[in-house]
Amino acid sequence: MRYLLLLLPIVLLCSACNRPALSTLADTLPKVDAEANLRQLGIELPTASQPVANYVNAVRTGNLIFLAGKGPGKPDGTYITGKVGQDLTIEQGYEAARLVGINQLAALKAEIGDLNRVKRIVKVLGMVNCSPEFTEQPRVVNGFSDLMVAVFGERGKHARSAVGMVSLPLNIAVEVEMIVEIE
């Protein structure tokens, strides 16, 4: 009982700050037609690729979808490979990250059926295959982030980490995983 009384002022203080609850912040963002935006961008989503190991593309818990890392898979089944800053330019890395975004959207659509159910892109982890001295990972992962904003508007803006890796599976140039809140 003594511990409960200690917490009570904190709860009252937090509820008195007049900020909306975290679960309602996405409700204040303008609604967009993500499917129409894809068409306007000239993007046709591929069939979601199958995982290359013992995992699944997506796991849903409550209203959150955790998407496994995807790479820059091309329609012919090959990948954009190599180290950015060594084998690939920053611009080529950006395009690889954008392609990862298209593949992640395909996996997300396979999981939820309609991209208009997306309430918010919450968190993105972008991993760039690069040499140790390369430091432009954020510019590369912008290829992914810019696509999410183009498709979902303000709801596509997300928290993000962009990190360098000494190698990635199959020597892919970029891998990205993300967390999405849905309605």
Hits in the stretch 151-181 - residues which are over 13 Å from the mean Cα position of the chain (by Cα) and on the phi < 0 side of the Ramachandran plot: 154, 163, 164, 165, 166, 167, 168, 169, 172, 173
Out of 33, 76, which single residue is among the acidic types (Asp, Glu) and in contact (Cβ under 8 Å) with a residue 60 or more places away in the chain? 33
Evaluate the following for residue 154: is it charged (D, E, K, R) and free of Cβ contacts under 8 Å to residues at least 40 places away in the same chain? no
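Residue-wise test of (1) at pLDDT 85 or above; (2) assigned to a loop (DSSP other than H, G, I, E, B).
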residue	(1), (2)
7	no, no
11	no, no
14	no, no
36	yes, no
47	yes, yes
52	no, yes
59	yes, no
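The values are calculated or read from the model by the stated rules, or taken from the named source; none is laboratory data. The structure presented is a predicted model; accordingly, all values stated were derived computationally and were not measured. So basically every Cβ, Gly included, is an ideal-geometry build from the backbone, and we count neighbours across all protein chains shown.
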